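First comes the structure, then the notes that go with it.
The values are calculated or read from the model by the stated rules, or taken from the named source; none is laboratory data. These numbers were taken from a predicted model, which means no experiment stands behind them. Note that we place each Cβ from the backbone using ideal geometry, even for glycine, and neighbour counts take in every protein chain shown.
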Amino acid sequence: MKIKKSLLFAVGLLVALVFIFSSLLVFVQSEASYSELIQEELRKNTRMVTDLACSELVSYKSCAWLFRFWEHNYQDMDIPLGAVRDQDWIKRHEKFYYGKNAKEISYEEASSYSEAEQKEFAELCYVLNAEYFDRLKRNFNMEAVTCSMYRGGEDAIAFFSAGEDKERDNYPLGQLWPFHAELHPVANRIYTTGANISEAEHISSTVNGVEYLSVYTPVVIDGRMLAAINGSILWSKVRSEIETGTRKATIPLILIRLLAYLLLLYAFEILVIRPLTAMQGSVRKYTSEKNSEATREELSRFRKIHNEIGLLASDVSDMVSEIDMYVEEVQRKAAENERISTELSLAAEIQANALPSEFPPFPDRKEFEIYATMTPASNVGGDFFDYFMVGEDKLAMVVADTSGKGVSAALFTMVSKTIIKTLMQTHADPAKVLHAANDFLFENNEKCMFVTVWLGILDIPSGKLTFADAGHERLLIMHGGEWSYLEKKYTGIPLALMKQSADEYVNEELELSPGDALFQYTDGVTDARDGGEKMFGEDRLLDSLNSAASPEPAELLEHIQNGIHEFVQGAPQFDDITMLGMRYIKRR
């Protein structure tokens, strides 16, 4: 029942995660949408309040005079709390309270009053507007309705603050309060531009961290902004009420969704888990008993289900039959592959034994050192190298690369190696040997293969190197302690491609001084590739040779091989890698 428990647990966990995530998403989206709607309505309502307050102020014909007077004389003004209900205070201001309509008094008329009359008039107008601000605050449930003027620097001066409670009257007449533009971006734009901006801004109190939603309306007379009216809502309280209301509305919905998910999970267990568990039992029985007939019979009862479960049962039944046939085929191919593997191993062993493997190969000869390696890309390779003495004082060296890989390339390689070595013992002339070998290989080349060859012979007493090339890589020479490529003068085509004239292959000569060395290789060295298909290349090979600590052939070839391994970084070997190094030590 492991599949039942595991799959049911996985589906249950997935359903639970989906339920939790979707419930949170519903709650967050509901709260965000509701909050956005409420915020927009509050902004409009607050905007209406500030516009009403502004309209009331500018309805006074002497509004500009009043603001100037309030700004410069606020310290001398007599404005008690609840002034409109203070009969003594009203009696002192009855001239403007009963006698004249304060709104109709013009700027010029107000300026013509005596100092005492100006003070009485300004005090009465201030109280009337403060009372109006207070009514707006109460009627529209505002946290604050204030009017202030920005005075430059970081200060603003307050004129009106709705409310008669001194403790809640944060900005009484004439109070200076620090204005920080970065905390009030909307107010700052209004103060600095005079524009009537309809945006709202959220402000967090620096005193208690409470968040307010504020809207501003500029007071503009004759194109000049006198002050800005601010209406504020206690947004922290509104948001708390929104969260409570949203939670109450979404809990029933979440419970309904939970019930639906549980029913879905139960239906999944009945319709999916149980049939799958039964089929799993049939498959396990087949793996232990290998009775395909009994397994197909057990699965037949599920094939009648007209959905994916029935299709799965049908596919499993067919798969059981195919497995029986596949097992038989695998057993047959395994026997065949074992035979082929044995043959390949034998071929690789024969090829390895055919290449020189003892180093140093000529322990009695102190005039030179020689070392070579061949690393096939597959079981058997198509490259080969050889070196052998021709007579007493001549060292022959061969490096070759046969087209293709595998057994056929290995056989062609062995034939080519044998022919070249045999001919070299007879002619001791690289160009003539290549010409004769080409004729023989072309006549017996039914598979149209070819081989590139570099063939050289060193006259040990004189240090003269005579060599010929059949489409092979450039030779590298170390002279004076520095390696460089030897530019080709003559290049013959690879052996076995076509019948060649006697002058197709031409000998070149080179005088070696004691301490000089040569390096020859196949293209598997420069074509070695990393995981990004970037090749090792001729320049990197030259740099690697020049960075070697010693020109001694065995150490030199190990250094190059390590450089290739580091470059390819574990990428599959692209081609056979063959290298031969020889250092001329002294003349005999």
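In segment 183-232, of all residues being touching a Gly at 6+ places or on another chain (Cβ under 7 Å) and of a type in the set (A, V, I, L, M, F, W, C), the one that is modelled with the lowest pLDDT corresponds to Met225.
Counting the residues of segment 506-540 that are touching a residue at least 12 places away in the same chain (Cβ under 8 Å) and within 57 Å of the chain's Cα centre (by Cα) gives 23. When segment 135-158 is filtered for residues that are crowded, with 18+ Cβ neighbours inside 10 Å and either of a type in the set (S, T, N, Q) or in contact with an Asp or Glu (Cβ under 9 Å, 6 or more places away or on another chain) (or both), the ones remaining, listed by number, are Leu136, Lys137, Val145, Thr146, Ser148, Met149, Ile157. Of all residues in segment 453-461, at least one satisfies being under 17 Å from Leu497 (Cα atoms), buried (at least 20 other Cβ atoms within 10 Å of the Cβ) and β-branched (Val, Ile, Thr).
Could you tell me whether segment 355-365 includes any residue that is closer than 18 Å to Asn445 by Cβ, polar (S, T, N, Q) and either touching an Asp or Glu at 6+ places or on another chain (Cβ under 9 Å) or not in a strand (DSSP E or B) (or both)? Scanning segment 355-365 turns up no residue that is closer than 18 Å to Asn445 by Cβ, polar (S, T, N, Q) and either touching an Asp or Glu at 6+ places or on another chain (Cβ under 9 Å) or not in a strand (DSSP E or B) (or both).
The single residue among Phe368, Phe362, Phe442 that is in contact (Cβ under 8 Å) with a residue 40 or more places away in the chain and surrounded by fewer than 18 Cβ atoms within 10 Å (Cβ to Cβ) turns out to be Phe442.
Quick grid of which residues meet (1) at pLDDT 80 or above; (2) out of contact with any Lys or Arg (no Cβ under 8 Å at 6 or more places or on another chain); (3) in a helix (DSSP H, G or I); (4) not assigned by TED's automatic domain parsing to the domain that holds Gly231:
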{"site": "Pro80", "(1), (2), (3), (4)": "no, yes, no, no"}
{"site": "Glu109", "(1), (2), (3), (4)": "yes, yes, yes, no"}
{"site": "Ala122", "(1), (2), (3), (4)": "yes, yes, yes, no"}
{"site": "Lys137", "(1), (2), (3), (4)": "yes, yes, yes, no"}
{"site": "Met142", "(1), (2), (3), (4)": "yes, yes, no, no"}
{"site": "Cys147", "(1), (2), (3), (4)": "yes, yes, no, no"}
{"site": "Gly153", "(1), (2), (3), (4)": "no, yes, no, no"}
{"site": "Asp169", "(1), (2), (3), (4)": "no, yes, no, no"}
{"site": "Ala181", "(1), (2), (3), (4)": "no, yes, no, no"}
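Any residue at all in segment 494-515 that is acidic (Asp, Glu) and more than 23 Å from Leu458 (Cα to Cα)? Checking segment 494-515: not a single residue is acidic (Asp, Glu) and more than 23 Å from Leu458 (Cα to Cα). Residues in segment 544-570 that are loosely packed, with under 14 Cβ neighbours inside 10 Å and touching a strand residue (DSSP E or B) at 6+ places or on another chain (Cβ under 7 Å): Asn546 alone.
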